[in-house]
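Rule-based calculations on the coordinates, nothing more; no lab input. What you are looking at is a predicted structure, and each value in this text was computed from that prediction instead of being measured. So basically every Cβ, Gly included, is an ideal-geometry build from the backbone, and we count neighbours across all protein chains shown.
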Amino acid sequence: TGIVMSVPAHAPYDYQALVDLRKDDNTLRKYNITGNVVPIKIIQTDAYPSNESSAAETIVTSYSIRDQNDPKLEEATNKLYSDEFHNGKVLPDIDEIGNLSVIEARETIKAKIISQGIGTTMYELKNAVKCRCGTTCVVKLLTNQWFINYGDENWKKLAYELIDKMEILPEEIRQEFTNVIDWLKERACARKSGMGTKLPWDNEWIIESLADSVIYMAYYLLSRHISNNQDLQNNEDKVLADNLNDNFFDYVLLGKNDPDIVAKESKTSIQLLEKIKNEFVYFYPVDSRHSGRDLVPNHLAFFIFNHAAIFPKDKWPKQIVVNGSVLMEGKKMSKSLGNIIPLRHAIEEYGADSIRLTMLASAEILQDSDFSFDLVKGIRAKLFEIYRNINAHLDIFKVQSSLDLDLEDVWISSRLQKVIMDTTSAIEKFRIREALHNILYLMDNDLEWYEKRKLAKNKSIFNNYLKEFIETRIKLLSPFAPYFCEEVWEIMGNASYVSLAKWPEIDQSKIILKSEDNERLIQSIIFDIQKITKVTKMVPKKISIYTASSIKCTLYRKILDRIQRQATPNFGQIMKEFVNDNEVKDLVKRNPDLVKKIIDDILSESVDVRERRMKIDSFDEKIPLEDGKSLLVSEVGNNQLELYIYSEDDNDKYDPKQKSKFARPYKPAIYIE
């Protein structure tokens, strides 16, 4: 009997099934099911923090999905699965794997299952193996076939050593390479028909292409000096192919043999021989080899084996990058399906940058990129939007403006440093989709919020902060949309190329940790007020906001420190500890429920947020709320609104309903009249 788990907190299909089930009274009665099933959350990401709503509920709501038959469910599922797989962390209260990344947790559970002997690894072909022409592939056994023995234990050890020293991106594909080396044994290395080189010791056979083509990048370095044109035999920069022998390649590639003898045998000058060898030594080893995932069990595996066997360790390749394929509207590109679009035509219609960004933004490197013209149009529209925005602010590149120091200015400058750091890190890890998401969308969100804050104060955004923001954005985007960025860079008044500009560097002095919580607090208050007014359908005339007392902030800090030191918090232990803490024991004894709520508040935040708050000495919530008053009023939509900010500690606060006692750190209480 097989059991399939339902994970409605993290699987959009499962969540929607639960929603549909709750509406189906007949099915509930038939199977005696209660409708109050609550999804259990086990993963959190920055995009989907562990708050009141589950990740699946959040994304299903954002996609406005109607039921289980909604085609948007598939897109929502792919997006959520990708984000949680690459960026997710297991919640800290999950045994054994708490606080691990999803990738680490998966490998930990897998290793445990295998080590306990209750599971094993199975390899299975998903589909029938067919030729590109559509014909079913048939395995034929040939008499006197020649094989390469990749099962040789000493050779395998070298291959393992090479993999251990090599960077493999994405890192989760490394296990596939190890698995291939584990099972790879004899492999046919010759065939009877087709084009190719004769097998040196048996001319009836032709060398099978994968047997010797996997070090062709070494030959690329020599090829420009080699010719089979007899008319060039006296050319001082050329070596005739007919004059090459094993000694020539042993000298150039491996540094073996006497150069004078090699030059004489290959009928070339010692100067040209040394030039060829020096070029090889300069460029080798391979810095990065990019290829498709389907080549891991053959071409890339042989690439590793052959380099390990032939070359010294200082010439072993440094990196392999494995990428997925490009699909067209969710289907494999195929002539038979008629969905292959000539690249030249696509570029003429949409532009090279739009095409490139679409392929890069639609999937991370190991995933299949699902190309669609709707997405191309969306990307092109985004580029035009950036273009128009820059044209609307060209004056900031001509005149040096003064630097204000409002809270939102400090924030946008600090946020820019985080974007530089996160985007640079993503690019270095070949997480290009993530990098582009930062540049194209997250930076838009930041700019929109900054503009909103400035406009609420009746202040101009034409300042050096915006100038630095735009310049940095174009620099970050330039590797992926070079034509667009070069044109924009010139319009901005630069005389040189953006491709020659220095890559943005992080300015640590501009990173102000507190600024992030300043703006988050204003955003959360706006959201809470809008939520309350939507539910109550009231038009606020007066709003009072109460920040938590200083003793509650002290308790929050102590609990946060306790949780950071102990990954899996225990409510009973924490209570026992703080009822004996002279600084907070009176508050804890009076209000034990507050401790539980603060623990939940802290655990609902990402690890990054917790770590940031640990580095902040103190946080006066009244400062950002007072600064954001004008925005709060405009967002409520009533210019006559009376808005007051109090601390729970204030003796003269207006609090007719005793709302201030419900205030918690980072979660002010609100009273609306």
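For this structure, a couple of remarks:
- The residues Cys189, Cys137, Cys485, when put in order of fewest to most other Cβ atoms within 10 Å, stand as Cys137, Cys189, Cys485.
- Remark on Leu643: its backbone amide H falls under 5 Å from those of Ile543, a criterion applied only to residues 5 or more positions apart or on other chains, H modelled at 1.01 Å from N.
- Computed about its Cα centre, the charge dipole of the chain is approximately 1280 debye, with only Lys, Arg, Asp and Glu carrying charge at their Cβ.
- Measuring between their Cα centroids, the stretch 394-464 and the stretch 643-673 lie 33 Å from each other.
- Once you reduce the stretch 243-285 and the stretch 80-111 to the center of their Cα atoms, the two points are 52 Å from each other.
- 5 angstrom amide H check on Asn323, placed H, neighbours 5+ away: Ser291, Gly292, Arg293
- Between Gln564 and Asp620, the FRET efficiency from the beta-carbon distance, with R0 = 25 Å, is close to 0.70.
- Cα gyration tensor shape of the stretch 31-77, rounded if a/c is under 1.5, else prolate or oblate by comparing a/b with b/c: oblate
- Ranked Leu500, Leu383, criterion: other C-beta atoms within 10 Å, fewest first: Leu500, Leu383
- Three-way shape call for the stretch 399-505 based on the alpha-carbon gyration tensor, with the a/c threshold at 1.5: oblate
- Working from Cα pairs under 8 Å separated by at least six residues, relative contact order for the chain is 10 percent.
- Label zone at Gln640 (point 7 Å along Cα-to-Cβ), backbone N below 17 Å, the stretch 530-551: 538-543
- Between Ser325 and Ile33, the FRET efficiency estimated from the beta carbon spacing at R0 = 25 angstrom works out to 0.05.
- Where a label projected 7 Å from the Cα of Asp24 along Cα→Cβ would reach, residues of the stretch 44-75 with amide N under 18 Å: 66-71, 73
- When semi-axes √(5λ) of the Cα gyration tensor in Å is computed from the coordinates, the matching label among (i) 58, 33, 26; (ii) 66, 32, 25; (iii) 50, 39, 22 is (i).
- In order along the stretch 291-299, the Karplus-derived 3J(HN,Hα) couplings, from 6.51 cos²θ - 1.76 cosθ + 1.60 at θ = phi - 60°, round to 7, x, 5, 5, 9, 4, x, 9, 3 Hz, and Gly and Pro are given as x.
- The calculated FRET efficiency for Gln116 paired with Ser509, based on their beta-carbon distance and R0 = 56 Å, is about 0.60.
- Available extension along the chain between Asp70 and Phe527 is 161.7 nm, counting 0.36 nm per residue and deducting the alpha carbon span.
- Computed extension length for Ala17-Val607: 209.3 nm, one decimal, from 0.36 nm per residue of separation with the Cα-Cα distance subtracted.
- In the chain, the DSSP-assigned H stretches of four residues or longer account for a calculated mean residue ellipticity at 222 nm of -14500 deg cm²/dmol, using -39500 (n - 2.57) per stretch and the full residue count as denominator.
- For the pair Ala47 and Tyr441, label points projected 7 Å from Cα toward Cβ lie 0.5 nm apart.
- Amide H within-cut-off set for Leu184, under 5 Å, with H built and near neighbours excluded: none
- Legend: residue pairs Lys531/Lys576; Lys382/Lys475; Lys542/Lys596; Lys89/Lys112, Cα-Cα distance threshold 25 Å; pairs beyond threshold, Lys531/Lys576; Lys542/Lys596.
- Global geometry of the stretch 12-115, whether rounded, prolate or oblate, following the gyration tensor of its Cα atoms and the 1.5 cut on a/c: prolate
- Here is the list for the stretch 459-567: chymotrypsin sites (Phe, Trp or Tyr not before Pro) lying in DSSP coil, each with at most 16 other C-beta atoms within 10 angstrom of its C-beta, are Phe462, Tyr497.
- Full-extension gain in nm, Val281 to Asp93, via 0.36 nm per residue minus C-alpha separation: 62.4 nm
- Order of Phe177, Phe249 - criterion: other Cβ atoms within 10 Å of each residue's Cβ, fewest first: Phe249, Phe177
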